[in-house]
Amino acid sequence: MTESTLPDSRLSGAELDAPDDERHAGRNRLVINILIVSAFVVILNETIMGVALPHLMADFSITANAAQWLTTAFMLTMAVVIPITGFLIQRFTTRQVFIAAMALFSLGTLVAAAAPGFEVLLVARVVQALGTAIMMPLLMTTVMTLVPAQTRGRTMGNISIVISVAPAIGPTISGLILSALSWRFMFILVLPIAIAALVIGAMRIKNVTVPRQVPIDVLSIVLSAFAFGGLVFGLSSMGESANGGMPGWIPLVVGGVALAAFIVRQLVLQRQDRALLDLRTFTARTFTVSVLMFAISMMALFGTIILLPLYMQEVLHLDTLASGLLLLPGGLLMGLLSPVVGRLYDRFGPRPLLVPGSIVLSGVLWSLTQVSPTTPWWAVLLAHIGLSAALAFMFTPLFTASLGSLRPSLYSHGSAVVGTVQQVAGAAGTALFISVMSAVAASQVASGTDAVAAQASGITTAFTYGAVISLFGIVAAFFVRRPADSGAPAMGH
């Protein structure tokens with residue numbers, strides 16, 4: 001066994017029974033399956049509100065900027081809470097953390113379903129996000145410690161369904177519900193599933209962690225909130241085409257300064273193993289490169305999720321349901337491919353999957369730079385299917401290789417880093433694509449261009465920016481290697 005599979009005194013709250021202990025195999029599978037189903041339900045809610053905003057604006061008589069806070073507040077809360085999850089996972093048992101996460105999510109869902117006004121609905125979304133933020137790092141940390149290295153790819157393939165497919169099909173599910181029912185049913189239909197997961201988990205999940213007393217640094221929490229909250233808020237504000245409030249650069253500057261102070265603070269605290277978010281994760285080159293690629297992938301995913309529906313509805317003049325259904329095949333394909341990619345990872349390692357995946361991702365984004373008001377709908381469908389397939393070939397290897405390159409005592413911190421990057425990169429992708437589209441469209445309208453043509457031009461320009469960024473992902477793909485303990489022949493570390 002290598003260092004990352006041996007019990008040692010450095011293991012944090014992620015210290016578990018040996019992964020190859022057959023006596024616990026059934027328990028481990030049950031715990032992981034419950035966590036995967038629960039995580040899918042909670043992550044789905046991150047993107048489910050976008051299509052519903054017009055309905056909420058009409059019901060509550062609010063502006064588009066106000067309604068957008070239902071999504072922005074969710075992402076803000078996630079960005080603030082996720083860095084703290086490393087501490088929570090070390091301090092409390094798996095069962096305690098799971099019950100807290102699902103109880104918060106269920107409570108938020110219940111309040112949202114019955115919300116009498118916009119303010120209550122906004123608070124409910126924040127409570128939902130609290131549970132969501134805890135669930136994803138808990139799942140990834142548990143899997144990394146319970147699953148043997150040589151079969152992690154297969155399990156991470158299932159987790160990729162949660163990370164990538166749930167946000168991707170959120171708008172589709174929302175569109176289907178809203179085509180026949182009130183927006184409240186987006187929460188009413190989810191509530192019994194969330195409660196069932198909570199009850200089953202509370203009864204069946206066993207404690208698979210050994211908690212330890214971990215000191216909490218209040219200053220780190222404050223700096224983390226301003227750093228990641230400021231970055232996500234600033235990026236989200238820049239992504240709004242008509243933001244009449246605070247300029248986006250102000251929270252970005254505050255977030256940047258707070259992030260620098262947060263990093264310095266963590267570098268000091270980690271010398272005594274007291275860091276809120278241990279940055280020694282970045283001393284593993286594979287982890288660092290994988291996180292960079294993951295950020296590029298999430299920018300592409302979230303940017304495309306927000307831009308394609310706008311293109312289909314405002315340029316191609318498709319209705320909400322049709323545009324949602326066009327995104328469904330890609331989301332389903334991503335879900336079908338993820339477990340297959342996981343098995344391929346276990347056999348071949350990350351690089352043979354990441355290199356072609358990143359090339360196809362870039363190719364699709366370059367093809368989207370050619371869309372126009374006369375582009376047929378099936379071309380958009382094919383592009384989204386190609387994008388989804390490329391991301392499926394990237395997410396599983398990136399999750400598995402990044403966390404697999406860390407020693408067990410850093411699993412919870414690595415999971416928190418990945419979760420935080422997901423939120424910040426998602427906000428950055430949304431902000432970049434929407435800001436560029438809005439600026440170009442407004443400029444062309446001012447010069448006398450037809451509104452639809454101007455919108456199409458703005459969208460193609462936004463995709464050009466994304467396509468250029470994707471080229472860096474192709475380069476990075478060649479530097480992701482199989483962690484030395486992943487079974488199969490090691491390819492370096």
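The values are calculated or read from the model by the stated rules, or taken from the named source; none is laboratory data. Here the structure is a predicted model, which is why all the values come from computation and not from measurement. Note that we place each Cβ from the backbone using ideal geometry, even for glycine, and neighbour counts take in every protein chain shown. Areas reflect the complete protein model, heavy atoms only, side chains present, ligands, DNA and RNA absent. Shrake-Rupley method; radii C 1.70, N 1.55, O 1.52, S 1.80 Å.
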How many residues, within segment 420-438, are in contact with a Pro (Cβ under 9 Å, 6 or more places away or on another chain) and open to solvent by 10 Å² or more (accessible area, probe 1.4 Å)?
0
Return the residues of segment 330-374 that are in a loop (DSSP other than H, G, I, E, B) and farther than 19 Å from Phe294 by Cα; say none if nothing qualifies.
Thr369, Gln370, Val371, Ser372, Pro373, Thr374
How about segment 48-143: which helices (runs of 4 or more DSSP H) wholly inside it have at least 1 residues that are of a type in the set (Lys, Arg)?
64-91, 94-113
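To keep it simple, each residue is scored yes or no on (1) small (Gly, Ala, Ser); (2) over 12 Å from Thr141 (Cα atoms); (3) touching a strand residue (DSSP E or B) at 6+ places or on another chain (Cβ under 7 Å); (4) without any contact (Cβ under 8 Å) to a residue 12 or more places away in the chain.
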| position | (1), (2), (3), (4) |
| --- | --- |
| Thr396 | no, yes, no, no |
| Pro408 | no, no, no, no |
| Val421 | no, yes, no, no |
| Gly429 | yes, yes, no, no |
| Ile434 | no, yes, no, no |
Residues to consider are Ala416, Ala389; find the one that is assigned to a helix (DSSP H, G or I), more than 20 Å from Arg481 (Cα to Cα), open to solvent by 10 Å² or more (accessible area, probe 1.4 Å) and in contact with a Gly (Cβ under 9 Å, 6 or more places away or on another chain).
Ala389
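Results for (1) open to solvent by less than 40 Å² (accessible area, probe 1.4 Å); (2) without any contact (Cβ under 8 Å) to a residue 12 or more places away in the chain; (3) within 30 Å of Leu353 (Cα to Cα); (4) in a helix (DSSP H, G or I), shown as yes or no for each residue.
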{"position": "Gly157", "(1), (2), (3), (4)": "yes, no, yes, yes"}
{"position": "Gly175", "(1), (2), (3), (4)": "yes, no, no, yes"}
{"position": "Ala180", "(1), (2), (3), (4)": "no, yes, no, no"}
{"position": "Asn207", "(1), (2), (3), (4)": "no, no, no, no"}
{"position": "Ser220", "(1), (2), (3), (4)": "yes, no, no, yes"}
{"position": "Phe233", "(1), (2), (3), (4)": "no, no, no, yes"}
Selected residue (only one of Pro339, Pro352 is at negative phi, surrounded by fewer than 23 Cβ atoms within 10 Å (Cβ to Cβ) and without any contact (Cβ under 8 Å) to a residue 12 or more places away in the chain)
Pro352
Does any residue of segment 31-38 turn out to be of a type in the set (Val, Ile, Thr), open to solvent by 40 Å² or more (accessible area, probe 1.4 Å) and at pLDDT below 80?
no
Kindly indicate whether any position in segment 317-331 is closer than 20 Å to Leu403 by Cα, surrounded by fewer than 20 Cβ atoms within 10 Å (Cβ to Cβ) and without any contact (Cβ under 8 Å) to a residue 60 or more places away in the chain.
no
May I ask you to verify whether Met203 is in a helix (DSSP H, G or I), of a type in the set (A, V, I, L, M) and free of Cβ contacts under 8 Å to residues at least 40 places away in the same chain?
yes
Segment 98-110 - residue that is surrounded by 24 or more Cβ atoms within 10 Å (Cβ to Cβ) and among the hydrophobic types (A, V, I, L, M, F, W, C) and, of those, nearest to Arg184 (Cα to Cα)
Phe105
Out of all the residues in segment 454-475, is one or more closer than 22 Å to Asp346 by Cα, open to solvent by 10 Å² or more (accessible area, probe 1.4 Å) and either at pLDDT 85 or above or outside any helix (DSSP H, G or I) (or both)?
yes
In segment 345-384, which residues are more than 22 Å from the chain's Cα centre (by Cα) and of a type in the set (Phe, Trp, Tyr)?
Phe348, Trp366, Trp377, Trp378
